[in-house]
Amino acid sequence: MTANTPVLPLTAAEADALVASVRRASEEQGIRTAVTVLDAGGHLLAFRRDDRALLIAGETSTRKAFTALQLDAPTADLVDAVQPGGMLHTLPTALDRPLLFIAGGLPIHRDGRVIGAVGVGGAAPEQDHRVAAAAIEEVIGG
């Protein structure tokens, strides 16, 4: 595929399927989460907060998705980079839009290009990451 070949964007149906997958996995694991799906431009495609999830889970899921999208990397992989002395140490305070460097945000790729991101918040960061990754694998594939 060449750089000029169009890549199909993330669809609303795929965004809804990602939300459903995260919700299913969260219920199976007994965790209460919120999930945010953004398109490649950072626009909201889908959002859902479990009735019993912490209110802040909605904000954390959105910030995780935005961070993963902007840096085209899982937020779990960026945690060390923002620690004192890390390569991205000043980044969290350098932008107007708050980033969140906690596991649970993942970019979504199709044909090697970023087409969006998913963020999950509300459980332990490792659990958030795991259900987000499983949803992408289930809906978009590897």
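Where a number appears in this text, it was derived from the coordinates with a stated rule and is not lab data. Note that the structure is a prediction, hence the values are computed from the model and not measured. Virtual Cβ from ideal backbone geometry, glycine too; neighbours counted across all protein chains shown.
Taking 0.36 nm per residue of separation and subtracting the Cα-Cα distance, full extension of the segment from Glu27 to Glu126 would add 34.1 nm.
The dipole here belongs to the stretch 12-139: it is taken about the Cα centre, uses +1 on the Cβ of Lys and Arg and -1 on the Cβ of Asp and Glu, and is about 240 debye.
Subtracting the Cα-Cα distance of Leu44 and Asp72 from their residue separation scaled by 0.36 nm leaves 8.4 nm. For the stretch 4-58 versus the stretch 102-123, the inter-centroid distance based on Cα atoms is 9 Å. The order of Thr33, Thr11, Thr5, Thr62, going from fewest to most other C-beta atoms within 10 Å of their C-beta, is Thr5, Thr11, Thr62, Thr33. The modelled label-to-label distance between Asn4 and Asp16, using points 7 Å beyond Cα along the C-beta direction, is 3.6 nm. Please work out which option in [x] 1.17; [y] 1.12; [z] 1.00 gives Cα Rg over 2.2 N^0.38 Å calculated from these coordinates, and answer with its label. So the structure-derived entry is [z].
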